[in-house]
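See structure below.
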There are 4 protein chains.
Amino acid sequence: MLRYGMVGGGRGGFIGAVHRQAAALDGMATLVAGALSSDPERAVESGRDLGLPDDRNYESWRAMLAGELARPEGDRIDFVSIVTPNDTHFEIARAFADAGFHVVLDKPMTLTSAEGDELARLGDERGIVFCVTYTYVGYPMIREARRVVHSGELGEVRKVYVDFRQGWLSTALENEGNKQAGWRTDPARAGAGALGDIGTHVEMLAGWITGLEIESLCAEVSTFVEGRAGDDDVSVLLRFGGGARGVLNASQVCAGEECAVTVRVFGTEGGVFWSHEDPQRLTIMPRTGATRIITRAGVVASDDSNLATRIPSGHPEGFIEAMGNLYRGAMQAMIAKREGKNLIGLAADYPNVHDGARGVRFVERVLESGRADGAWVRV
Amino acid sequence: MLRYGMVGGGRGGFIGAVHRQAAALDGMATLVAGALSSDPERAVESGRDLGLPDDRNYESWRAMLAGELARPEGDRIDFVSIVTPNDTHFEIARAFADAGFHVVLDKPMTLTSAEGDELARLGDERGIVFCVTYTYVGYPMIREARRVVHSGELGEVRKVYVDFRQGWLSTALENEGNKQAGWRTDPARAGAGALGDIGTHVEMLAGWITGLEIESLCAEVSTFVEGRAGDDDVSVLLRFGGGARGVLNASQVCAGEECAVTVRVFGTEGGVFWSHEDPQRLTIMPRTGATRIITRAGVVASDDSNLATRIPSGHPEGFIEAMGNLYRGAMQAMIAKREGKNLIGLAADYPNVHDGARGVRFVERVLESGRADGAWVRV
Amino acid sequence: MLRYGMVGGGRGGFIGAVHRQAAALDGMATLVAGALSSDPERAVESGRDLGLPDDRNYESWRAMLAGELARPEGDRIDFVSIVTPNDTHFEIARAFADAGFHVVLDKPMTLTSAEGDELARLGDERGIVFCVTYTYVGYPMIREARRVVHSGELGEVRKVYVDFRQGWLSTALENEGNKQAGWRTDPARAGAGALGDIGTHVEMLAGWITGLEIESLCAEVSTFVEGRAGDDDVSVLLRFGGGARGVLNASQVCAGEECAVTVRVFGTEGGVFWSHEDPQRLTIMPRTGATRIITRAGVVASDDSNLATRIPSGHPEGFIEAMGNLYRGAMQAMIAKREGKNLIGLAADYPNVHDGARGVRFVERVLESGRADGAWVRV
Amino acid sequence: MLRYGMVGGGRGGFIGAVHRQAAALDGMATLVAGALSSDPERAVESGRDLGLPDDRNYESWRAMLAGELARPEGDRIDFVSIVTPNDTHFEIARAFADAGFHVVLDKPMTLTSAEGDELARLGDERGIVFCVTYTYVGYPMIREARRVVHSGELGEVRKVYVDFRQGWLSTALENEGNKQAGWRTDPARAGAGALGDIGTHVEMLAGWITGLEIESLCAEVSTFVEGRAGDDDVSVLLRFGGGARGVLNASQVCAGEECAVTVRVFGTEGGVFWSHEDPQRLTIMPRTGATRIITRAGVVASDDSNLATRIPSGHPEGFIEAMGNLYRGAMQAMIAKREGKNLIGLAADYPNVHDGARGVRFVERVLESGRADGAWVRV
């Protein structure tokens, strides 16, 4: 059993609870410490809600870092889970990483690629497990999609379409006291709007599944809601290394959509399709054969997805379980490190600090292209 | 925080882990005791896997009952979760209920309706919370379906179709050492085959959603796999009080199906449809208007489902969360009782011991009709 | 090019126009004669609408029969298409068949099985092509389903589910001057209600696809709309020769449904699924492999469906084209007969007079079981 | 009944037969003349297949034009349907239009926008009906989508996504003797590849539904199959007048896809979705209400679609019927002109010569942007 502390995720938030449920799902970790809000009073109250002992219910992340370091090594937290607004990620993650704690950090990882690169360097240097919670790659069928592409069944990849459509920011919720909307639409705190919040998720999916690097891009960055500071809609043309091309759409003003994430990858020999609205299934469309459906835990699912699933086929798993798969992968790597091993492959399958750094660079380049009226820019 | 003990659910099982994940989901309960197998050695090993303290890691449910009763009242378990094979349900549940513990029990509740009625009587007499884990009624959109029917929007109910199709018992797995298949196809241990295992789930759905009682039924009870003792396929014609009619199909020999549960209710003014393969959505088909889709946590979802959901719309929840909703409802009722209140309605929304007893009676009557070559029998 | 005449199908009807569009689709037939209504004046007006020459625009089917017989053989109609209400089918079809004309006749073929058997006998005796327009077997993917079942891929058939759900008769439309509703709900004219109108369609699908005969059945025959003479909802348990079992539902009071026809066949090795709401696809679910999708005219479609399709894959075909496939099959058989050949197999693939007679017998037996409160009756 | 002649569409083609079936569907037109191939011998043979009289079975379109003009006015063809490869459209259409015949012409209308503009000018000048067969706008639910957008229910349009994905040109079919692939991938004959063949279809859909004009665009024009002369994949960012933005994807190398056309329009108050794979349904997603489904001919369908449908709800119509709706709209306009009226609105609802000219300009601008490495160009 691993011990962990959480920074952020106090009363009123959403993602903190998902992280805690996800971390608890496999009985591999216990929450033993927290600095659950930037407001000391709220932090302590939130910690009491969760039953944290008083001496580890910290008023600030700095107090938590100091307090945990002061404990004997076998009693300290093993890792920290950081679920604060984006603009605080860098400072907090750097401090814990520097002190040698494993880190689980929300995306986008930092506001600037310089910060992202710094964390990547630090993570490597300290030899820690550094997981960036790109939740969607935790879905079992996304792992199956990666396997299919890498198996060569689809031939050489030609075209990649990734889309993330939401509608919840179709109006200026940020002016109506919605706290989530407040910081997510504020570039100073979030780095970017829809681009950072959801565009990075599908950038990650494209890379995770295909293994291809984006070499250059051309972006239309839009703000449709009047008075909004950040972008709320982006469409990006992509050129990948090796000649494949792609289109990425991310929007939070697609009024009526909830969380419509889709991935389509086409190669010389066929295509593959996944939709977040039907996450238990993966559709494979060979050029010369019948379309096939792979289901989670079903008769033809492989280890790639089976290692990221808990219950029998036909019994739906969801978002919490997907997040749980990231935690599981990271925690298996932590346990291995404790035992002096270095896990690779499916056993420790999680998005890491380099994925996080690449995502921040992607955000910078898209904004750069947008400012240059859609000029192609190199990544 | 409630304390609970578990009977059954040790190494190698499936449903025990789901119960533990479900119970833990909302941070309302901790597992503090267990008698996790009928084999004492396996019980203790399984308890160690889960980190149970030695003094509450019992070798048998009888030891657990005695041990917990011996503890001071404020330190005892609040409830027991029983996830053993069906033939042991009655004895264990009766003992714990009789001692005043709240009970969470898997379905079908008992082997005979006499036993079921006895538990119902005892549950009422002791004033305990007695939850029977008909998991599917925990799905938020099933609660929304119930609301829609009860709102009168569909008019008077005329026809109800419920289906549960699986294929995993298409071959004689029970002869190949599959433990799950072993007891589930053995009428002596399970009471009935597909009928008890999955037929009861959809019988429950029909009643839960419509509020109608089955008055009589006519059943075709089949065993397709050679040498199998129990039924593996049933189709039942239903007559409800008030004149509605229905059809119930439950099969474990629909080769190729995983867990295809569907519900269709039609009234004078429209219909409603739900499928377990797309559980986040409910389809409402008014006779004179456009078909509408209600999504979990979406803009038109009501308290009926919102109180049974955790994360924003568009982020899928699944089977574990559905089971978690049963636990949540039961635990809220337990907490209320501790505080001297009696919760009703949505706040304590769980299938109870009377639902369980009715389910057992349904199984008996279906088997009776089957033996009488499909004669209509009264329920 | 074949010449045909039509009986019924004048102004105000629906199915007559579909038959004409279907017959014309492949450029194999021209409408040259008609007795388009039982009302002589309306018949003639309707014929003028369609551009029929005055001398073949008959006031009654008797006049048409006489008129055509009076023409030289090479100038007569080759076949008659009969699209009148059910109670007139027998007399008209018998007369034309007896005179040696090929016949295309709507289902249900007759009101009694004695009449059905008489037509079957006559059809055989005269050696004519006698097509009964069970439209749904004209869908290409239904033919593919038949091929899959007959190929043995699904093993031995165990369970067959067929459903036809409509909602248009949820209220007493027949009392509001709706002509279609008028005769279709009147047992004297239609023979049976939902059972005859749509139940026969799915009875046909079950037999066509599996090749199995219904040996006995047990039926719940309901009339939900007050004052209605005929049934508007049936549910039937089926036992097939060889041991397979089935369930057939047909309802016209499923408020909100339009024309929801589904077929599910499960065998020892897998299942197959088709839905009229997505008619271009067939889903095959092997017990031990990935679910596969066959699409109309797609890369893995076989001659069974390719011979019943006109345009490339991905370009939807619909109901008119399905009906057109029946006409095409029958007309190819007629042309072959003219040339002294007897086509069999896919080249002349249409439901014949024996299918029609079997359908009428099915209706009789279901009504018999219904009257006997759901007793099992032999077919 | 109108009389028409066809240019192109002889033996071996696909689209000619679809045009003839579509034109015949409503019994409003008869094929009386043809110049069915550029090869005189093949033309005559093809005409005989269709039963054309010898004197109107022409060896060339020039002969047909002369021959028809030589007939008395009441006996001439009313319109010509031109279904030849794109590079011949201009000359043939100009000649018939100039002679005062109504014209039905396949898209893309011409190879250059100068030619397109010339036809538009000529069409206006001669006062003829000039229909360009953008088949997809003939689907009833596309008309319903147009109505929904124009009704204002979705508020102001912000984002438009249109996609057309096919896979049939994933390999160099044009080198294997496939005639369709041959001319369609040859820019000299087709003008452009996937862009002209299918990109124009979705450009048309975007404009038809929203009423918005594309002001500027930025395109990635790709050729993935080695040795292919024309494009086989395009992705285009769009800016519409009024501030809306869009993304258009058209590809013929999405291996595994058949004919996947989708439209998504999002406004300030909601969105609308249509897919060619499920053409009978339109999904409306209001920002603040339940998602609604409109079905063809269903209870909430409006005249916009009801005037473009033939059979009852739930009975699928397809591609031939969609094409038939274009013919019907154009023919109703022709009949009205004959009677001295000018139909507007739904009664004469077809894509006209100006739509065609705009489509050709779109092709030119996309190619221009592609050559300029994705620079934004004004339309």
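Okay, residues lined up against (1) among the aliphatic types (A, V, I, L, M); (2) touching a Pro at 6+ places or on another chain (Cβ under 8 Å); (3) at pLDDT below 95; (4) not in a strand (DSSP E or B):
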residue	(1), (2), (3), (4)
C:VAL247	yes, no, no, no
C:GLU257	no, no, no, yes
C:THR262	no, no, no, no
C:VAL265	yes, no, no, no
C:PHE273	no, no, no, no
C:ILE284	yes, no, no, no
C:THR288	no, no, no, yes
C:ILE293	yes, no, no, no
Taking the criterion of being crowded, with 19+ Cβ neighbours inside 10 Å, over 28 Å from C:GLY34 (Cα atoms) and within 14 Å of another protein chain (Cβ to nearest Cβ), would at least one residue in segment C:178-185 satisfy it? no
Exclusive hit being touching a Lys or Arg at 6+ places or on another chain (Cβ under 8 Å) and within 14 Å of chain A (Cβ to nearest Cβ), set D:GLY270, D:GLY356, D:GLY289: D:GLY270
Look at segment D:245-260 and say how many of its residues are more than 7 Å from chain A (Cβ to nearest Cβ) and buried (at least 24 other Cβ atoms within 10 Å of the Cβ). 4
So which of C:ILE320, C:ILE294, C:ILE311 is within 14 Å of chain D (Cβ to nearest Cβ), of a type in the set (Val, Ile, Thr) and over 21 Å from C:LEU205 (Cα atoms)? C:ILE311
Residue count for segment B:154-170, restricted to those that are surrounded by 19 or more Cβ atoms within 10 Å (Cβ to Cβ), facing chain C (nearest Cβ under 10 Å) and part of a loop (DSSP other than H, G, I, E, B): 4
Residue list for segment A:121-144, restricted to those being surrounded by fewer than 22 Cβ atoms within 10 Å (Cβ to Cβ) and assigned to a helix (DSSP H, G or I): A:ARG121, A:LEU122, A:ASP124, A:GLU125, A:ARG126
Keeping to segment B:349-379, report how many residues are under 13 Å from B:GLY116 (Cβ atoms) and among the polar types (S, T, N, Q). 1
Restricting attention to segment D:299-317, report how many residues are assigned to a loop (DSSP other than H, G, I, E, B) and surrounded by fewer than 24 Cβ atoms within 10 Å (Cβ to Cβ). 12
Looking only at segment A:186-207, count how many residues are at pLDDT below 95 and either within 14 Å of chain D (Cβ to nearest Cβ) or assigned to a helix (DSSP H, G or I) (or both). 4
Against the conditions (1) touching a strand residue (DSSP E or B) at 6+ places or on another chain (Cβ under 7 Å); (2) in the same structural domain as A:MET64 (by TED's automatic domain parsing); (3) over 19 Å from A:SER60 (Cα atoms), where does A:ASP163 fall short? Just the number, please. (2)
Might you let me know whether segment D:94-111 holds any residue that is more than 22 Å from D:ILE214 (Cα to Cα), modelled with pLDDT of 95 or more, assigned to a helix (DSSP H, G or I) and of a type in the set (D, E, K, R)? yes
Are any of the residues in segment C:302-325 among the charged types (D, E, K, R) and under 30 Å from A:GLU144 (Cα atoms)? no
Look at D:ALA188 and say whether it is among the hydrophobic types (A, V, I, L, M, F, W, C), under 25 Å from D:GLU115 (Cα atoms) and surrounded by fewer than 18 Cβ atoms within 10 Å (Cβ to Cβ). yes
Out of the residues in segment C:24-53 meeting the condition of being touching a Lys or Arg at 6+ places or on another chain (Cβ under 9 Å) and assigned to a helix (DSSP H, G or I), tell me which one is farthest from D:MET28 (Cα to Cα). C:ARG42
Flagged in segment B:76-104 as in contact (Cβ under 8 Å) with a residue 60 or more places away in the chain, under 26 Å from B:GLN332 (Cα atoms) and acidic (Asp, Glu), in numbering order, are B:ASP78
Scan segment C:19-71 residue by residue and report those that are in contact with a helix residue (DSSP H, G or I) (Cβ under 6 Å, 6 or more places away or on another chain), of a type in the set (D, E, K, R) and either more than 14 Å from chain D (Cβ to nearest Cβ) or under 11 Å from C:GLY5 (Cα atoms) (or both). C:GLU59
Would you confirm whether or not segment B:345-359 contains a residue that is touching a Pro at 6+ places or on another chain (Cβ under 6 Å) and either at pLDDT 95 or above or crowded, with 19+ Cβ neighbours inside 10 Å (or both)? yes
Can you pull out every residue in segment A:3-50 that is among the small types (Gly, Ala, Ser), farther than 21 Å from A:THR88 by Cα and surrounded by 24 or more Cβ atoms within 10 Å (Cβ to Cβ)? A:ALA22, A:ALA23, A:ALA29
Among the residues of segment C:221-236, is any among the polar types (S, T, N, Q) and touching a residue at least 24 places away in the same chain (Cβ under 8 Å)? yes
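Against the definition (closer than 30 Å to C:THR185 by Cα, among the acidic types (Asp, Glu) and in contact with a Gly (Cβ under 8 Å, 6 or more places away or on another chain)), how does C:GLU91 come out, yes or no?
no
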Taking segment A:289-331 only, how many residues are within 30 Å of C:ALA301 (Cα to Cα) and among the hydroxyl-bearing types (Ser, Thr, Tyr)? 4
Of the numbered conditions (1) modelled with pLDDT of 95 or more; (2) in a helix (DSSP H, G or I); (3) among the aliphatic types (A, V, I, L, M); (4) under 26 Å from the mean Cα position of the chain (by Cα), A:ALA17 satisfies every one except a single condition; which is it? (1)
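Name the one entry in A:GLU277, A:GLU364 that is under 19 Å from the mean Cα position of the chain (by Cα) and under 24 Å from B:SER313 (Cβ atoms). Steps first, please.
Numbers: A:GLU364 fails: under 24 Å from B:SER313 (Cβ atoms).
Answer to the check: A:GLU277.
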Do you know which residues across segment B:261-280 are among the small types (Gly, Ala, Ser) and buried (at least 24 other Cβ atoms within 10 Å of the Cβ)? B:GLY267, B:GLY270, B:GLY271
Does at least one position in segment D:70-88 carry a residue that is more than 21 Å from D:VAL363 (Cβ to Cβ), surrounded by fewer than 21 Cβ atoms within 10 Å (Cβ to Cβ), touching an Asp or Glu at 6+ places or on another chain (Cβ under 7 Å) and in the same structural domain as D:ILE15 (by TED's automatic domain parsing)? yes
Residues A:TRP183, A:TRP168, A:TRP208: which one is within 30 Å of A:GLY340 (Cα to Cα), in the same structural domain as A:ARG264 (by TED's automatic domain parsing) and of a type in the set (Phe, Trp, Tyr)? A:TRP208
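Considering every residue within segment C:324-346, establish whether at least one is assigned to a loop (DSSP other than H, G, I, E, B), in contact (Cβ under 8 Å) with a residue 12 or more places away in the chain and touching a helix residue (DSSP H, G or I) at 6+ places or on another chain (Cβ under 6 Å).
Keep residues of segment C:324-346 that are assigned to a loop (DSSP other than H, G, I, E, B), which gives C:339-344.
Right, trim to in contact (Cβ under 8 Å) with a residue 12 or more places away in the chain and you get none.
No: segment C:324-346 contains no residue that is assigned to a loop (DSSP other than H, G, I, E, B), in contact (Cβ under 8 Å) with a residue 12 or more places away in the chain and touching a helix residue (DSSP H, G or I) at 6+ places or on another chain (Cβ under 6 Å).
The values are calculated or read from the model by the stated rules, or taken from the named source; none is laboratory data. Treat the numbers as computed from the prediction; the structure is a model and nothing was measured. Ideal geometry is used to build each Cβ from the backbone, glycine not excepted, and the neighbour counts take in all protein chains shown.
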